[in-house]
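Below: one structure, written as structure tokens.
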Amino acid sequence: MKRATWAYCLWLGLSLWLVPRTAPAEDRIRHERTATSTASVEILADGTVRMAARNIRLIPYALANPAGDRPTLLPRLATVTTDVRTRSDAEGDDPASSVSVLIEDLGGSAPRRLAEFTDPGSSGKLIAGRYFSSTVFGCCGAPNRHLVRSTENGRSLFRATGDGDMGRVGWADMPNAHPAQVRWAAFDGTVEEADLARGVVGTLAYGGDDGVRSLLHLRLRAPRATLLDANLNLSGGSELGWIDGKKTAAGQRFQQGDAEGPAEMWVAEGANAAAVGGFALVLRLGKRDIAVIPVVADRLVAAKARLAKGYALLDVVPMR
């Protein structure tokens, strides 16, 4: 069964409420909450229809806590509020639409706030209990844009473009590392005009639950029309995955992985984060490898990357 899925099933008995009730000490803890959604429709004098919907979802879940002699569950409640605005005379959702998230720990007699944030978007999804993705849907052929955060502290992890809940992203874990390590890599095709003029067609980010560890601009030497095509194709049609360099050539294969079932990359037995490496990140478009980038000391090493003709990588200092 995929990671964290079993934990959801075990906690389905948790109520969607947040008002503690008085109970004997031997009784279980109980929380209660209700929420109300609203919608409005306005018809303007010129016939334009303006609509707004504020929907609130209450999502109870539980995380597995492997610490200690006996694994336990950590009960959580996510309150997700989407404020979506649309007009009949405009395509797509209004840019002012937003997704607001409140994450609370329900393990005690009183709820404890863990994270609270608001991001642009008109849709959002809780993923594997540990991540939340807010999505701005693309308009007029543009790709969807995603911002992914950690639910335990609200930290912004990465931005990505493309279809799916998170866009173009690959996940990997290191089962034999101590402590266990999880890594992600994401492609973001959001490019400013000034960067496009310098040949930038996207950004590759690599990191873990503590944030970005490597950030690279992917550049292409080509006319503007070719740059635009490459940016659009990579934003919506590329794949990110991993190749385990410690396996023989015959055993090496492209593994994508997701947040609930990461690809397994085996590192030196008992390695810590500083020793994570020995595998490579692969950016693939169709059957063509655009970039194969080694991971050394838990960083993407652009200088040792194997790149398709015309492409180059440029290190960017991550914003903390």
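The requirement of being surrounded by 15 or more Cβ atoms within 10 Å (Cβ to Cβ) and either touching a residue at least 40 places away in the same chain (Cβ under 8 Å) or outside any strand (DSSP E or B) (or both) is fulfilled somewhere in segment 49-59, by at least one residue.
Scanning segment 179-199 for residues that are over 18 Å from GLU239 (Cα atoms), out of contact with any helix residue (DSSP H, G or I) (no Cβ under 9 Å at 6 or more places or on another chain) and among the hydrophobic types (A, V, I, L, M, F, W, C) yields ALA180, VAL182, ALA194. Taking the condition at pLDDT below 90, surrounded by 10 or more Cβ atoms within 10 Å (Cβ to Cβ) and in a loop (DSSP other than H, G, I, E, B), does ARG21 pass? When the stated conditions are applied, ARG21 passes them.
Here segment 180-196 is the region considered, the condition is being outside any strand (DSSP E or B) and in contact (Cβ under 8 Å) with a residue 12 or more places away in the chain, and the residue that is nearest to ALA305 (Cα to Cα) is GLY189. Would you mind stating whether GLY202 is over 22 Å from GLY237 (Cα atoms), touching a Ser or Thr at 6+ places or on another chain (Cβ under 8 Å) and in contact (Cβ under 8 Å) with a residue 12 or more places away in the chain? No.
Number of residues in segment 286-314 that are within 24 Å of the chain's Cα centre (by Cα) and not in a helix (DSSP H, G or I): the value is 16.
The lone criterion from (1) among the hydroxyl-bearing types (Ser, Thr, Tyr); (2) part of a loop (DSSP other than H, G, I, E, B); (3) modelled with pLDDT of 95 or more left unmet by THR81 is number (2). Exactly one residue among ALA222, ALA177 is buried (at least 18 other Cβ atoms within 10 Å of the Cβ), assigned to a loop (DSSP other than H, G, I, E, B) and in contact (Cβ under 8 Å) with a residue 60 or more places away in the chain, and that residue is ALA177. Per the conditions (1) modelled with pLDDT of 95 or more; (2) more than 20 Å from ILE56 (Cβ to Cβ); (3) of a type in the set (D, E, K, R), the sole criterion not satisfied by ASP173 is (1). Listed by first and then second residue, the pairs with beta-carbon distance under 6 Å, at least 6 apart or on different chains, first residue in segment 140-167 and at positive phi, second of a type in the set (Lys, Arg), are GLY162/ARG168.
The single condition from (1) crowded, with 18+ Cβ neighbours inside 10 Å; (2) part of a loop (DSSP other than H, G, I, E, B); (3) not hydrophobic (A, V, I, L, M, F, W, C) that ARG76 fails is (2).
Residues in segment 145-174 that are buried (at least 21 other Cβ atoms within 10 Å of the Cβ) and in a loop (DSSP other than H, G, I, E, B): THR151, GLY162, MET166, GLY167, ARG168.
The values are calculated or read from the model by the stated rules, or taken from the named source; none is laboratory data. Just so we're clear, the structure is a prediction, and the values are computed from it rather than from any experiment. Heads up, the Cβs are rebuilt from the backbone with ideal geometry, glycines too, and the neighbour counts pull from every protein chain shown.
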